[in-house]
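Only one structure is covered here, and it is reproduced in the block below.
Values in this text are rule-based calculations from the coordinates and carry no lab data. All values derive from a computational prediction rather than experimental measurement. Don't worry about glycine lacking a Cβ; one is built from the backbone with ideal geometry, like all the others, and counts go over all protein chains shown.
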Ligand code: ARG
């Protein structure tokens, strides 16, 4: 399942070529309809949401998009560690010469608007565990600063935005159906922060990963329907205007009893020793 999940971040073209693989990890439930259950948004409404791109690895159709990311500093982007896995990229991340962040662009194929910035340095959390999925975050240092007010504040430990029952929004260019329908344009889905107990029950351990409430966050809809999906990984989950999660994993997409699992942003801050995100790094 873990490998299948990785395979999911392949671009549309490749995903279409491996339908058997796609079906295996995520047969859609009746609730899967439309990020799943989402709606279109303009990049200007979430200027901190960026696309991770490599045209070399993923082709140019959707500007090479393969994961999401979120700007937490002018030259600092947070994403998921697994986005930089060799299993996703096909080669070690150092060998991807055209790794870029695309910011401020709603429609990827258009090539219009926003900025494409080269990634100067990647740092993958050395404690990332690909079996449990713990510590699934990485930092990208950009070659030049992002323009405008494109940075989101990270929610510190104890922030009410983490409270279960609250509404949150996840953004991305990921699969909208669970069977490999990759949109050209940015989408968002309104989800709920769910009690840890729901994810502890759903993901008690096994080949898919193990839910750990100190470093992960559970969100979606208890009855399924709205969720992030493959290709959204690394992107933001936002509540009360602050960043609370990074899209990380789940079983299928939008399935009842299998909520989305996010990296808990306060745990990233604790790990990095940040009280707030860096400004000009
Ligand atoms: N691992 C996926 C990715 O690489 C993200 C999966 C999120 N799944 C979910 N059901 N919320 O894009």
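Residue exposure proxy: 139, 186, 272, ordered by other Cβ atoms within 10 angstrom of their Cβ from fewest to most, comes out as 272, 139, 186.
With only Cα atoms counted, the chain has Rg and Dmax values of 16.5, 46 Å. Computed from the C-beta positions of residue 157 and residue 127 and an R0 of 25 Å, the FRET efficiency is 0.85 to the nearest 0.05. Within region 91-135, the proportion of C-alpha pairs whose separation exceeds 16 Å stands at 58%.
Taking the square roots of 5 times each eigenvalue of the Cα gyration tensor of region 103-240, largest first, gives ellipsoid semi-axes of 26, 19, 17 Å. Listed by Cβ neighbour count within 10 Å, with the fewest neighbours leading, 66, 39 appear as 39, 66. Once the chain from residue 184 to residue 45 is taken as fully extended at 0.36 nm per residue, the excess over their C-alpha distance is 48.4 nm. Helix-only arithmetic for the chain: the sum of -39500 (n - 2.57) across DSSP H runs with n ≥ 4, divided by the residue total, places the mean residue ellipticity at 222 nm at -3500 deg cm²/dmol. By the count of neighbouring beta-carbon atoms within 10 Å, fewest first, 173, 48 end up ordered 48, 173. Its residues counted as N, region 148-226 yields a C-alpha radius of gyration over 2.2 N^0.38 Å of 1.26.
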